[in-house]
Protein chains: 2
Amino acid sequence: MMDDRISIADKLALIGEHWRPGIVGTYNENKIVVVKVQGEFEWHSHAETDDFFLVVSGHLSIDLRDRTVELDPGELFVVPRGVEHRPRADVETAVLLIEPLGTRNTGDDGEGSALIAEERWI
Amino acid sequence: MMDDRISIADKLALIGEHWRPGIVGTYNENKIVVVKVQGEFEWHSHAETDDFFLVVSGHLSIDLRDRTVELDPGELFVVPRGVEHRPRADVETAVLLIEPLGTRNTGDDGEGSALIAEERWI
């Protein structure tokens, strides 16, 4: 491809529904994902991988069991593997995520969740 | 730590010299790095890993042997493993990089380079 740079803003413009991530690229065995979120996700964890969150716009709260991490645009947080977390946003918030290809958005125990989102490229 | 979110702007404020990356966090076995660059780096490649570039400010040109990828703020590019590349910036440019811990900035053949930068946390 002659133009395989990725514009985060252009990719986010393709995202409609909240909590429905779109894959925009890969880095080694990881997917680079953008997502728009608002409201409260569900508690989950990933035993085998850290979870990279970079806020692009809005404001993201990541509840952990003992505290909450508050992220403004340009701030990032890596949820360590195995740590239960619940993303939450009062306003519509855009996030860049990195996690291994095949990682389920609802976590290891989220197989039957209504919030499950299949992997899709945008 | 009670506040382990990472502000890219705060970390960049700690960076002085060009082409001297600072590690700000890890994601699995990868380092998350910020760097300020200006001028021309040297051609290099990494046989074992892709190289993730996200431009924060300024403008980054990544020369490949057959073309150049031009990146404005909010745009990212993943140099595939093994592909020779040369980052270059006319103006001072801030970049977020992700690559495996232990990856040499000057690439597989850059052991004797004057541009080599040891890994350091900021």
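The values are calculated or read from the model by the stated rules, or taken from the named source; none is laboratory data. Since the structure is predicted, the reported quantities are computational estimates derived from the model, not experimental observations. No Cβ is skipped: glycine too gets one built from the backbone with ideal geometry, and neighbour counts run over all protein chains shown. The protein model used for the area step is the full one, side chains on, heavy atoms only, and it has no ligands, DNA or RNA in it. Shrake-Rupley method; radii C 1.70, N 1.55, O 1.52, S 1.80 Å.
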Residue hits (region B:69-82; open to solvent by 50 Å² or more (accessible area, probe 1.4 Å) and either small (Gly, Ala, Ser) or not in a strand (DSSP E or B) (or both)) are B:72, B:73, B:80, B:81
Of the conditions (1) at pLDDT 95 or above; (2) exposed (fewer than 14 other Cβ atoms within 10 Å of the Cβ), the single one that residue B:28 does not satisfy is (2)
Out of (1) assigned to a strand (DSSP E or B); (2) open to solvent by 30 Å² or more (accessible area, probe 1.4 Å); (3) not hydrophobic (A, V, I, L, M, F, W, C), the one residue A:66 does not meet is (1)
Selection from region A:71-111 of residues of a type in the set (Gly, Ala, Ser) and more than 15 Å from residue A:44 (Cα to Cα) yields A:74, A:89, A:94, A:102
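Could you list, in sequence order, all residues of region B:1-17 that are closer than 23 Å to residue B:113 by Cα and surrounded by 15 or more Cβ atoms within 10 Å (Cβ to Cβ)? Talk me through it step by step, then tell me what you get.
First pass over region B:1-17, keeping only residues closer than 23 Å to residue B:113 by Cα: B:15-17.
Across region B:1-17, the qualifying residue is only B:15.
Based on what the data block shows, is residue B:23 within 19 Å of residue B:116 (Cα to Cα), touching a strand residue (DSSP E or B) at 6+ places or on another chain (Cβ under 7 Å) and facing chain A (nearest Cβ under 10 Å)?
Working: within 19 Å of residue B:116 (Cα to Cα): yes; touching a strand residue (DSSP E or B) at 6+ places or on another chain (Cβ under 7 Å): yes; facing chain A (nearest Cβ under 10 Å): no.
The answer is no for residue B:23.
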Looking across region A:35-59 at residues that are open to solvent by 40 Å² or more (accessible area, probe 1.4 Å) and outside any strand (DSSP E or B), the single one that is nearest to the other protein chains (Cβ to nearest Cβ) is A:48
So, first residue more than 9 Å from every other protein chain (Cβ to nearest Cβ) in region B:69-95, second residue among the acidic types (Asp, Glu) and buried (at least 19 other Cβ atoms within 10 Å of the Cβ), Cβ within less than 9 Å, six or more apart or across chains; the pairs are B:79/B:50; B:79/B:51; B:80/B:50; B:80/B:51; B:83/B:50; B:83/B:51; B:85/B:51
Expected single match for of a type in the set (Phe, Trp, Tyr), in contact with a strand residue (DSSP E or B) (Cβ under 7 Å, 6 or more places away or on another chain) and under 15 Å from residue A:35 (Cα atoms) among A:77, A:52 is A:52
Checked region A:88-122 for anything buried (at least 18 other Cβ atoms within 10 Å of the Cβ) and within 18 Å of residue A:60 (Cα to Cα); matches are A:89, A:93, A:94, A:95, A:96, A:97, A:98, A:99, A:105, A:106
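Considering each of B:57, B:61, B:45, B:7 in turn, give the residue that is of a type in the set (Ser, Thr, Tyr) and in contact (Cβ under 8 Å) with a residue 60 or more places away in the chain.
Numbers: B:57 fails: in contact (Cβ under 8 Å) with a residue 60 or more places away in the chain; B:61 fails: in contact (Cβ under 8 Å) with a residue 60 or more places away in the chain; B:7 fails: in contact (Cβ under 8 Å) with a residue 60 or more places away in the chain.
Result of the check over B:57, B:61, B:45, B:7: B:45.
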Note on region A:17-42: residues touching a residue at least 24 places away in the same chain (Cβ under 8 Å), more than 13 Å from the chain's Cα centre (by Cα) and on the phi > 0 side of the Ramachandran plot are A:39
